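What follows is a single structure, written as structure tokens, with notes after it.
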Amino acid sequence: MDIEKLKTFLTTAGINLLMGIIILVVGFFLIHWLMKYLRHKKIFSKMDPSLQSFFTNAVKLLLGVIVVLSAANVIGIPLTSIITLFASAGVAISLGMQGALGNLVGGLTLLILHPIKIGEYVKIGSYTGIVKTIGAFYTEIKTLDNSLISLPNSNLTNTAIVNYSREGTSRIEVSFTVSYDSDIDQVREVLLDMARKGEKVLADPSPWVLITKCTETGVEVLVRAWANADDWGNVYYYMLEHGKRALDAAGIRVPYQQMDVHIKQN
């Protein structure tokens with residue numbers, strides 16, 4: 001190859017490389033601009049928040065692939081070669097991406113069946129919190145202690161989900177143990193009065209108290225109350241704290257684990 005041909009080749013390759021870089025920069029800028037434009041459209045704002053998140057991620061991924069392939073073609077990498085490369089490596093890629101593909105299918109399942117939605121208060125496995133985002137691969141929930149947990153979508157489709165928000169109201173139960181010498185009627189009135197005074201506790205259905213078990217240490221009493229789903233945590237901790245305070249103020253003893261030893265003298 002003579003000098004002139006080498007110069008022509010390098011010039012052409014350099015121009016193609018520059019054009020490819022320009023396509024990448026401009027392409028990703030346009031994708032960013034398009035996403036912002038879509039978010040401000042009325043039709044997009046009317047979509048379900050979960051679907052918005054998934055749709056945005058899917059469109060960005062698809063457009064990003066198109067931009068990269070276009071830049072590769074301009075640089076001089078034949079698309080047929082790229083397609084052939086992906087086809088030949090398809091088995092290895094599919095095996096390596098089993099988890100990612102499972103999460104993607106799980107995300108689609110969540111969007112179609114709607115077991116959870118953004119903003120709902122849920123329990124997934126051992127995690128409880130508010131759903132923040134439902135992405136293409138991961139779902140994020142914000143716990144009561146302000147931690148953000150990312151859960152693989154494939155796990156969500158294979159585990160039990162407790163949705164506290166879906167029905168609008170939730171029943172809250174708090175258990176107390178009182179001594180055997182306590183007046184059960186007094187215990188019931190004290191705990192009912194405490195529950196009814198709760199600011200977030202609903203009057204209808206009204207709170208109620210029942211005995212659930214007689215244990216080695218005392219009598220187990222259950223307080224049940226209803227609240228709006230968003231107030232579940234507030235009502236639970238209110239009844240737990242103020243129930244103990246009300247029992248103490250009434251002189252009702254809450255027993256602790258102990259062993260009574262009786263010595264019999266002949």
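Every read-out reported here was derived from the displayed coordinates using simple, explicitly stated rules and does not represent laboratory data. Just so it is clear, the structure is predicted and the values come from calculations on it, not from any experiment. Quick reminder, even Gly has a Cβ in these numbers, built from the backbone with ideal geometry, and neighbours come from all protein chains shown.
Worth pointing out:
- Spin-label model, N234 to D183: label points 7 Å out along the Cα-to-beta-carbon direction sit 3.4 nm apart.
- Volume per residue that the Cα convex hull of region 169-249 spans, once the total is divided by residue count, Å³: 81 Å³
- By average C-beta atoms within 10 angstrom, highest first, the peptides 133-139, 172-178: 133-139, 172-178
- Ranked list, fewest to most other Cβ atoms within 10 Å of each Cβ, for S154, S70: S70, S154
- Take every Cα pair under 8 Å whose residues are at least 6 apart in sequence, average their separation, divide by the length of region 169-249, and the relative contact order is 43 percent.
- Computed log₁₀ I(q)/I(0) - Debye formula, equal Cα scatterers, no solvent, region 103-163, q 0.16, 0.18, 0.20, 0.21 Å⁻¹: -0.40, -0.51, -0.63, -0.70
- For V219, neighbours were defined as the other residues whose beta-carbon sits under 14 Å from its Cβ, and their charges (Lys and Arg +1, Asp and Glu -1) total -2.
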